[in-house]
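Novice: Got a structure for you, written out below as structure tokens; questions coming shortly.
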Amino acid sequence: MTAPLDVSGSAAEAQPESVLAGAGKAIQGRSLTRIAWMRLRRDKIALTGGIVVVLLILVAVFASPIIAVFGHPPLEFHQDQIDQSTLLPKGAFGGMSGEYLLGVEPINGRDIFSRIVAGAWISLLIGFLATMLSVLIGTTLGVIAGYFGGWVDLVIGRLMDVFLAFPLLVFAIALAGVVPDKGFGLEGNGLRIAMMIFIIGFFSWPSIGRIVRGQTLSLREREFVDASRSLGARNGYILFREILPNLMAPILVYATLLIPTNILFEAALSFLGVGVNPPTPTWGGMLSEAVRFYTLPHFVLFPGLAIFVTVLAFNLFGDGLRDAFDPRAH
Amino acid sequence: MRRKTALAGAATAALALVLSACGGGGGTQQPADSSSGGAAQPAFNAGLNEVYNPSTKKGGTLKAAHSADWDSLDPGDTYYGYSFNFGRFYWRTLTTYKPGPGPEGNTVVPDLAEGLGEPSDGGKTWTYKLKSGLKFEDGTPITAKDVAYAVARSWDKKTFPHGPSYLNELLDWPKDFKGVYDDPDADYSSAVEATDDSTVVFHLKEPFASMDYVVQMPMTAPVPKDKDTGAKYKEKVVSSGPYKFETNEIGKGFTLVRNDQWDPATDPIRPALPDRIEVQVNVNADDLDNQLIAGDVHLDIPGTGMQPAALGKVLPDPALKARTDNPTIPRLWYISVIPDTPPLDNIECRKAVMWAADRVANQTAYGGELAGGEIATNVLPPPIVGQEKFDLYATPGNKGDVNKAKQALTACGQPNGFSTTMTYRSDRPREKALAEAMEQALAKVGIKLTLKGFPGSSYFSDYAGNVNYVKKNGIGLAAHGWGSDWPDGYGFLQAIVDSRTIRDAGNYNLSVKNDEVDKLIDQASAELDDAARAKLWVEVDKKVMEDASILPVVWAKSLLMRGKGLTNVAYNEGQSMYDYILLGVE
Amino acid sequence: MFTYIIKRVIGAFAMLIVISMVTFGIFYVVPQWAGASPEAMASRYVGRAATPETVHLVAERLGFNDPVVVQYGRFVKGLVAGAEYDYGAGVEQCPAPCFGYSFISGQPVWPDLLDRMPVTFSLAIGAAVLWVVGGVCVGVISALRRGSFFDRLSMGTALAGVSLPIFFTGMLSLVVFSYGLGWTPPGGAWTDISVNPAQWAYNLLLPWITLAFLFAATYARLTRAGMLETMGEDYIRTARAKGLHEREVVVKHGLRAALTPILTLFGIDFGLLIGGAILTETTYTLPGLGQFAILAIRNQDMPQVMGVVLVAAMFVVVASLVVDLLYAVVDPRVRLS
Amino acid sequence: MSFLDVKDLKIHFPTDDGLVKSVDGLSFSVDRGKTLGIVGESGSGKSVTSLGVLGLHKGGRARISGEIWLDGEELNGASAEHVRGLRGKKMAMIFQDPLSSMHPYYTVGHQIIEAYRIHNDVTRQVARKHAIDMLGRVGIPEPARRVDSYPHEFSGGMRQRAMIAMALSCDPELLIADEPTTALDVTVQAQILDLMRDLQSEFNSALIIITHDLGVVAELSNDILVMYAGRCVEYGSTDDIFYRPEHPYTWGLLGSMPRLDREPTERLLPIKGSPPSLINVPEGCAFHPRCPFAERTGGKAETEAPALAETEGGHLVRCHMSRDERRTLWETEIKPALETS
């Protein structure tokens, strides 16, 4: 599966030249960030996405109190809710009730609502940290490739090709299978999560690397870079003072769009059974258990919807952010 | 070989068992009219103690499916119960389990042989006389040489790594024997020989009584030497039974058609009803259940029961439930409590685990009473001859006893509990559910479990059955399951509780390392009297439970569904599933 | 052009070698670091309760006692020059490319891979046709009617589409259309096109649609963005000024240019997909390369894993090469060197 | 009535930020064989005007009003399809940047053939011959070979010639050239202008040249229209504009015109500031914030929009200053400054 990520530049419509020329005067002097913020504030859909993202983060952070009020501990068995012969929930609609908001799991009667709330942090944490890792690797290598060009660019370009040609999931599954119990000062789920962050982040850097490389290439040719080079500035100075600051906007945008992709990746790994160790709940893991009980719609639906809403929210927000930063879009 | 003594000890004892149980066993009746009439109305467990829907009508196509794949179709390279059972459509062995329902299914009857084996030399030599008129599918007669050759080829574990090793260990193979492939002219008559066209003689290193049970395994199915292609033979097995291969695509399926060279006069035990048998492998398990319910498939080959989604459909529906049988099979699902891992090296800590476990939750994890099995209180499952049920760790409602567990923890010096790791096979959802249930139950007494799943394919080789791995990673508990090759104490217990079988990797005994248990095993193996021996195996069982190194979960039951239009359906205890060779279609 | 192809092919080979070494390392070296002895590795492939002798023999036969370099060399030699397989009663020639024999079933890997390719190809090609046609059409219409109800609806759907994991949509579609309504066959249904084309299509309909939905969403978004951009280009104005019919302006001048970046993406997507649509095939239990890969990993069947990984990587490499060549054909400004 | 008669043309674009009045009440006319120059800074609405005449804003978001009479036919009210049929055939356009204005994926020949075949029912071979012929006529050497080249394989001047060949392929009666030489070297500019003059006399078409550079239209045009902020500020014969200009903006343009006898970097009478946003056109006279003489109107410039008024003989000026005041300024201050420099 490839990242269903829109990596192309955004659109510009045929506009009378006067509009842009005229607008150019009015907004001169404002920073790009402020313009972007102004645009973002007007984009209701993107704002909705952003608000949902914030809510999700809050849910992940305050999972314990939420569960305490609305549910039962996510690992707690409620076998009294289960029909002992079929092992399915006794109540209608998968045992949904005021007590168990989204019903209970078959076999052990765990509270699905609580498990979904408790599963949020894994998805978000891995989504965020893996993205940071790929941004770090992608930006470093992309800037180096774009700035220095020549054989360095060639080698890094080939490296990106190799990564793109890797059957990712196969590797992820294989690697996850051979990871030991302890290592790098971590053990158990800590190591497991670190490994997933590593796998996901390490394999998704080329997408951001390519964008950064392209941007660096064009920045390198700009006058201000030429100017400081002619003044004898060192590479390091040019890179950190002049190129990187100008890369911040595209990096921010594509990082935001990479998060949902990585969340989907995490869900896929958990779905294939190589995620964090049970009984820690994850949305992908819940879905993979639901496969065996496909006759229970609620068991399939809720974790799936949780993934969907999260990914959609990030996509909406990221799209809005990109439109806001990309002057051609408006 | 540590195993030798055990085998030798078992020898004469088992002999007595077999002879008495068989009652001179002739087994010449047609199974359809064997038992008391048979049942025709669908009812729950209708195929358990009698033949359901008996029929002698020939014709039709039996459609069977398998959610995974055979280890091998080669009689010398297979070790799955369903394979032993199903293979009898296209192979015949010296003996076989008596077909049909009821306790007699545990006994063996001659198949290729005219009668059961003739022991001599105090049980060190076993002679089998072949029937006359036996032919391979190409019309060439089956001779004793073909049987001896089949046994000799199966010795080569390099070529046939999957099959059982009993004959490798029992027979007196030449010292420098390299196998029939590496040394085609080797003389292996010191182990097995054809003294004439119809006489097969086995020479054992030590006396051994249960030879008739061993030769019912497919290593004795004849293989013509000139058609033998080693590891590729499974692609084109030459039939000695009533059906032969029409097509065979490894990994997809195969079709069996009638073998016109098979003479029913030589074979009273196989009614051979269908004209054709079609087998699909690697079918999605849920789809297989649905097809079985709908009637598109007659038979689920592995015979281990239905998937949870189907159970949810079948159990509440009386009409569907009436099509099922629910036998207890000689299999125990359990948890190894590994004494190598501190603090489980202290027996009190192990006992704490015993007391803390919620047996009902564990049973539910395994699929509940019908699909999972009866709550197990000790190691030996009920179908094992002489089994006794006892419970050293009885708790109210089987829900575990926090107080007793805490007392044990205190006695262990860990009053606040401890942390350890539990492994399970990640491709087995029931083991995962079990691990989660254990995590919950043990948490109540302060024992913190970390759960780790591993692929089933390398579970015993690389992880739970690998001594180094277990020690290095501090594995305290491991989900496990075991079924017996034949239904006595030795057949069930030896591989999983004898500490002397333990080696570096690939172990099945993960946790029982107790000298007293080993001593009792030797004692039981040497005991001649049936009843006394059975008692001794029960003693082994008790000792293991006292050692608290095995936490029994369930004595497995499988919920089997009789396919629509299937005739002559009967559960056979020896096979632990439906007796496939009896089946016919309407 | 010719030297370019040669260069790329050499580069592709180098990439495959790197990938094969990494894969080999993961499956052969990492377990040893974790402390697995050759015997421990061999005991994965023996039957229940195998004796130590059996395990030792199998370790010897599978070559686990040799240094890893030797084992890798043997693998490469098999690929390049073929290999011999001793099946006991004789020796079989396994012609190049010989990916070896399954450690579990003893079957040669390459024919198994060939056998599964039609499934994955059928899945990928059918879905690709749907998603390219569907995604591009929707994208073009959305771009031309920017801001219309259709645009909002289809872009909303598309965004939802890229946000849905395929194992979720796949499962839902099975629950609804197969188990619920009975309109489509259950998972795992596969008929070769040469046996019955109608049945072939019927069986694959649901996987096609589900997979296409995911990708169509991406392609619709990309096409829309690309169309908006190209339709603002000067040459579109020129085309209009020439008096061209609007449809021709859109299709011949606008779409043609808008599709080139999509071609690149399509090459990568399609290459990855024919290398094994793991999640789709898992969800619908289709016997394709993706399922093969999952089974091979679960069974730790190393020759099968090596085979499927290399074949999958090869498809990606070939697809990207083809795309680059096509790019030069489509866009005359691109010069290959 | 002239061959092309545009009356009170308004082209407005609604945007998120407000209504953009790109063209706001423009009237002009051109006859066959005559040339009109439209001059103004970028953003003054010249290009929008030309696209509007061609009907290229139809169907978009633009709000268009006014009348466009071409050869006795009103185009603004006509159907889009009808106007499309006229485009390329009756009226054609040459664009500013030939590299971006030609499709990069098609050969030059293909693009000319395509243009020709829309309006002429001929075979590909005939059209190809015609294309080669046209390329030859615009002065492209070896046209039979170059016909299969891609735009990016041409030099800038060649591309513009090809562009002209494409525009002329159907013998249009009205030809609009939008900054035809802006993207070209000075030497090539002259060649292209010569070519256009020759071709115009050959085809006897009406020609509109749009440019920000008065120099371009000096020799070519019969009439010149000076645009500012979507409106006409001065309209007259070429002589009027060059020798008797009356609008301060025109003076500014003249002052910024490069001349051979002047240093190219030198800009006399530069126009301070930049063109206004068309969303917020300044109150009163649109030019007043940049006009050095605004204070002479006594505040009128900030409050009241001046009308376009005839000074004499078809010479129109939009300015609050009186005719005499303007003429005096021109004669006493501006002209001498321009001449002495």
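The values are calculated or read from the model by the stated rules, or taken from the named source; none is laboratory data. Since this is a predicted model, take the numbers as computed values, not measurements. We place every Cβ from the backbone using ideal geometry, glycine too, and count neighbours over all the protein chains shown.
Novice: Residue under question is residue C:281, and the condition is that it be touching a helix residue (DSSP H, G or I) at 6+ places or on another chain (Cβ under 8 Å), more than 10 Å from chain A (Cβ to nearest Cβ) and in a helix (DSSP H, G or I); does it hold?
Specialist: Against the criterion (touching a helix residue (DSSP H, G or I) at 6+ places or on another chain (Cβ under 8 Å), more than 10 Å from chain A (Cβ to nearest Cβ) and in a helix (DSSP H, G or I)), residue C:281 qualifies.
Novice: Still on this structure: Of all the residues that make up the range A:46-62, how many are away from every other protein chain (no Cβ under 14 Å) and in contact with a Phe, Trp or Tyr (Cβ under 6 Å, 6 or more places away or on another chain)?
Specialist: Pass one, the range A:46-62, residues away from every other protein chain (no Cβ under 14 Å): A:47, A:50-51, A:54-55, A:57-62.
Keeping just the survivors that are in contact with a Phe, Trp or Tyr (Cβ under 6 Å, 6 or more places away or on another chain) gives A:50, A:60.
Within the range A:46-62, residues that are away from every other protein chain (no Cβ under 14 Å) and in contact with a Phe, Trp or Tyr (Cβ under 6 Å, 6 or more places away or on another chain) number 2.
Novice: State yes or no: is residue D:193 in contact (Cβ under 8 Å) with a residue 40 or more places away in the chain, under 18 Å from the mean Cα position of the chain (by Cα) and either at positive phi or more than 13 Å from every other protein chain (Cβ to nearest Cβ) (or both)?
Specialist: Answer is no for this residue.
Novice: Do you know which residues across the range B:206-235 are part of a loop (DSSP other than H, G, I, E, B) and in contact with a strand residue (DSSP E or B) (Cβ under 7 Å, 6 or more places away or on another chain)? Steps first, answer last, please.
Specialist: So in the range B:206-235, the residues part of a loop (DSSP other than H, G, I, E, B) come out as B:206-210, B:215-217, B:221-224, B:228-229.
Within the range B:206-235, B:215, B:216 meet the criteria.
Residues checked against (1) crowded, with 23+ Cβ neighbours inside 10 Å; (2) at pLDDT below 90; (3) within 12 Å of chain A (Cβ to nearest Cβ); (4) in a helix (DSSP H, G or I):
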| site | (1), (2), (3), (4) |
| --- | --- |
| C:215 | yes, yes, yes, yes |
| C:221 | yes, yes, yes, yes |
| C:226 | yes, yes, yes, yes |
| C:232 | no, yes, yes, no |
| C:248 | no, yes, no, yes |
| C:255 | no, yes, no, yes |
| C:259 | no, yes, yes, yes |
| C:264 | no, yes, yes, yes |
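Novice: Looking only at the range D:318-328, which residues are aliphatic (A, V, I, L, M) and within 11 Å of residue D:244 (Cα to Cα)? Show your work before the answer.
Specialist: Quick first cut of the range D:318-328, residues aliphatic (A, V, I, L, M) only: D:321.
Selection gives nothing.
Novice: Which residue pairs have Cβ atoms under 6 Å apart, sit 6 or more places apart or on different chains, and have a first residue in the range C:66-88 that is within 21 Å of residue C:42 (Cα to Cα) and free of Cβ contacts under 8 Å to residues at least 12 places away in the same chain and a second that is buried (at least 17 other Cβ atoms within 10 Å of the Cβ) and aromatic (Phe, Trp, Tyr)?
Specialist: C:88/B:181
Novice: What are the residues in the range D:274-306 that are more than 14 Å from chain A (Cβ to nearest Cβ), closer than 20 Å to residue D:330 by Cα and not acidic (Asp, Glu), if any?
Specialist: Within the range D:274-306, D:285, D:287, D:288, D:291, D:292, D:293, D:294, D:296, D:297, D:298, D:301, D:306 meet the criteria.
Novice: If you don't mind, there's one more thing I want to ask. Step by step: first the residues of the range C:28-58, then only those that are more than 11 Å from chain B (Cβ to nearest Cβ) and among the aromatic types (Phe, Trp, Tyr), then the one that is surrounded by the fewest Cβ atoms within 10 Å (Cβ to Cβ). Which residue is that?
Specialist: Within the range C:28-58, the match that is surrounded by the fewest Cβ atoms within 10 Å (Cβ to Cβ) is C:33.
Novice: Looking at the range B:234-266, which of the residues that are within 20 Å of residue B:578 (Cβ to Cβ) and crowded, with 20+ Cβ neighbours inside 10 Å is nearest to the other protein chains (Cβ to nearest Cβ)?
Specialist: Among them, the one singled out is B:254.
Novice: Test residue B:75 against the stated conditions and say whether it is over 30 Å from residue C:291 (Cα atoms) and modelled with pLDDT of 90 or more.
Specialist: no
Novice: Turning to a different aspect of this structure: How many of the residues making up the range B:56-99 are within 11 Å of another protein chain (Cβ to nearest Cβ), closer than 30 Å to residue B:129 by Cβ and of a type outside the set (A, V, I, L, M)?
Specialist: Residues that pass the stated criteria total 9.
Novice: Then there's this: Look at the range B:397-411 and say how many of its residues are surrounded by 15 or more Cβ atoms within 10 Å (Cβ to Cβ) and either among the acidic types (Asp, Glu) or without any contact (Cβ under 8 Å) to a residue 60 or more places away in the chain (or both).
Specialist: Residues that pass the stated criteria total 8.
Novice: For residue A:287, are the conditions met, namely being crowded, with 24+ Cβ neighbours inside 10 Å, more than 30 Å from residue C:229 (Cα to Cα) and within 12 Å of chain C (Cβ to nearest Cβ)? Give the steps one after another, and end with the answer.
Specialist: Details: crowded, with 24+ Cβ neighbours inside 10 Å: yes; more than 30 Å from residue C:229 (Cα to Cα): yes; within 12 Å of chain C (Cβ to nearest Cβ): yes.
The answer is yes for residue A:287.
Novice: Counting only residues that are within 24 Å of residue B:70 (Cβ to Cβ), give me the helices (runs of 4 or more DSSP H) lying completely in the range B:280-393 with at least 2 of them.
Specialist: B:285-294
Novice: Residues C:153, C:174: which one is assigned by TED's automatic domain parsing to the domain that holds residue C:123, within 20 Å of residue A:45 (Cβ to Cβ) and in a helix (DSSP H, G or I)?
Specialist: Details: C:174 fails: within 20 Å of residue A:45 (Cβ to Cβ).
Answer to the selection: C:153.
Novice: Just to verify a result, which residue in the range C:156-179, among those that are over 18 Å from residue A:300 (Cα atoms) and surrounded by fewer than 20 Cβ atoms within 10 Å (Cβ to Cβ), is nearest to the other protein chains (Cβ to nearest Cβ)?
Specialist: Of all residues in the range C:156-179, those over 18 Å from residue A:300 (Cα atoms) come to C:156-159, C:162.
Checking which are surrounded by fewer than 20 Cβ atoms within 10 Å (Cβ to Cβ) leaves us with C:156-157.
On the way: C:156: 9, C:157: 11 Å.
Ranking the candidates gives C:156 first.
Novice: For the range B:66-104, name all the residues that are in contact with a strand residue (DSSP E or B) (Cβ under 6 Å, 6 or more places away or on another chain) and farther than 19 Å from residue B:582 by Cβ.
Specialist: B:94
Novice: Name the strands (runs of 3 or more DSSP E) wholly within the range D:1-120 that hold at least 3 residues that are surrounded by fewer than 22 Cβ atoms within 10 Å (Cβ to Cβ) and at the interface with another protein chain (Cβ under 9 Å from one of its Cβ atoms)?
Specialist: Result: empty, no element qualifies.
Novice: Among the numbered criteria (1) at pLDDT below 90; (2) assigned to a strand (DSSP E or B), which one does residue B:468 miss?
Specialist: (2)
Novice: Let me ask another. From the list B:264, B:274, which residue is within 23 Å of residue B:57 (Cβ to Cβ), of a type outside the set (Ser, Thr, Tyr) and touching a Gly at 6+ places or on another chain (Cβ under 9 Å)?
Specialist: Selected residue: B:274, the only one of B:264, B:274 that is within 23 Å of residue B:57 (Cβ to Cβ), of a type outside the set (Ser, Thr, Tyr) and touching a Gly at 6+ places or on another chain (Cβ under 9 Å).
Novice: Going by the conditions given, is residue D:36 aliphatic (A, V, I, L, M), closer than 30 Å to residue D:255 by Cα and within 14 Å of the chain's Cα centre (by Cα)?
Specialist: Answer is yes for this residue.
Condition check ((1) crowded, with 21+ Cβ neighbours inside 10 Å; (2) touching a Ser or Thr at 6+ places or on another chain (Cβ under 9 Å)) across all residues:
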site: B:65; (1), (2): yes, no
site: B:78; (1), (2): yes, yes
site: B:83; (1), (2): yes, yes
site: B:89; (1), (2): yes, yes
site: B:97; (1), (2): yes, yes
site: B:102; (1), (2): no, yes
site: B:116; (1), (2): yes, yes
site: B:127; (1), (2): no, yes
site: B:130; (1), (2): yes, yes
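Novice: Condition check: farther than 21 Å from residue C:325 by Cβ, surrounded by 22 or more Cβ atoms within 10 Å (Cβ to Cβ) and away from chain B (no Cβ under 14 Å). Does residue C:274 satisfy that?
Specialist: Here the answer is no, as residue C:274 does not meet what is asked.
Novice: Sticking with this one: How about the range C:156-171: which of its residues are among the aliphatic types (A, V, I, L, M) and part of a helix (DSSP H, G or I)?
Specialist: Passing the criteria: C:158, C:159, C:160, C:162, C:166, C:171.
Novice: Residue C:67 - would you say it is within 7 Å of chain B (Cβ to nearest Cβ) and over 18 Å from residue B:160 (Cβ atoms)?
Specialist: Here the answer is no, as residue C:67 does not meet what is asked.
Novice: Contact list please: Cβ distance under 6 Å, first residue in the range B:427-442 and facing chain A (nearest Cβ under 7 Å), second residue among the polar types (S, T, N, Q) and surrounded by fewer than 24 Cβ atoms within 10 Å (Cβ to Cβ), pairs at least six apart or on different chains.
Specialist: Nothing qualifies.
Novice: Being facing chain C (nearest Cβ under 8 Å), over 16 Å from residue C:239 (Cα atoms) and part of a helix (DSSP H, G or I) narrows it down to one residue among D:130, D:152; which is it?
Specialist: Every option except D:152 fails the conditions.
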